[in-house]
1. Looking at region 90-154 from every direction and averaging, what is the projected area of its Cα convex hull in nm²?
2. Per 10 Å bin from zero, what fraction in whole % of the C-alpha pairs of region 1-106 is there, up to the bin with the longest pair?
3. Filter the GluC sites (Glu not before Pro) in region 1-101 down to the DSSP loop ones having no more than 14 other Cβ atoms within 10 Å, then list what survives.
4. With each label point set 7 Å from Cα along the Cα-Cβ vector, what nm distance links Arg63 and Val134?
5. Measure out, as a whole number of angstrom, how far apart the alpha-carbon centroids of region 90-120 and region 1-80 sit.
6. If R0 is 30 Å, what FRET efficiency do you get for Ala32 and Arg116 from their C-beta distance, rounded to 0.05?
7. Student exercise: in the chain, how many lysine pairs 8 or more apart or on different chains have Cα atoms under 30 Å apart?
8. Taking the Cα centre as origin and putting +1 on Lys and Arg beta-carbons and -1 on Asp and Glu beta-carbons, what dipole magnitude results for the chain, to the nearest 20 debye?
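Every number in this text was worked out from the coordinates using simple rules, so none of it is lab data. Since the structure is predicted, the reported quantities are computational estimates derived from the model, not experimental observations. Here the Cβ is made from the backbone with ideal geometry for all residues, glycine too, and neighbour counts use every protein chain on show.
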Amino acid sequence: MTEEEIFLTQEGRRRLEEELEYLRTVRRAEVAERIRAAKEGGDIMENVAYDYAKEEQAFVEGRIQALETMLKKATIIEGGSTDTVELGTCVTVMEQGGETLETYQIVGSVEADPRRGRISNESPMGKALLGHRVGDRVAVSTPEGVLHFQIISIK
């Protein structure tokens with residue numbers, strides 16, 4: 001994991017803490033039980049169940065370490081401003097020539113989920129919107145070309 005700062009909403013922090021607790025208390029125990037059961041199955045040198053359980057253990061331990069690092073480096077974002085687009089704010093935009101409004105919450109990359117309207121501050125759209133105000137027009141570079149949006153509201 002890189003040394004860059006991790007931005008999280010309170011909700012995002014809570015979800016990561018819940019996942020970490022689940023991995024520590026439930027998944028670790030489940031994997032340990034699988035390893036124990038596989039060892040009882042005989043020779044571990046050619047034991048597929050044992051190999052799979054050890055791989056799963058490595059994944060779980062790796063995810064625990066990643067979550068601990070993310071939470072340690074996390075900066076909680078609030079989204080208090082409604083004057084300019086910043087981390088944590090919800091912004092409604094309309095594509096130039098379009099009639100459909102789209103609303104996005106600007107979040108850190110860890111929480112990004114475009115299907116739920118949560119876009120990363122590092123994404124082309126997120127970068128283009130940051131620092132702008134209601135009424136501003138922004139250009140967003142996409143693989144299909146440059147798209148233009150107008151900011152309708154900020155919450």
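1. Average of the hull's projected areas for region 90-154 equals 4.2 nm².
2. With 10 Å bins starting at 0, P(r) equals 13, 26, 22, 18, 12, 7, 2.
3. Glu3, Glu4, Glu5, Glu78, Glu99
4. Calculated label separation equals 4.2 nm.
5. Region 90-120 and region 1-80 have Cα centres separated by 30 Å.
6. 0.30
7. 8
8. Values: 20 positive and 29 negative charges, 60 e Å.
Value, rounded to 20: 280 debye.
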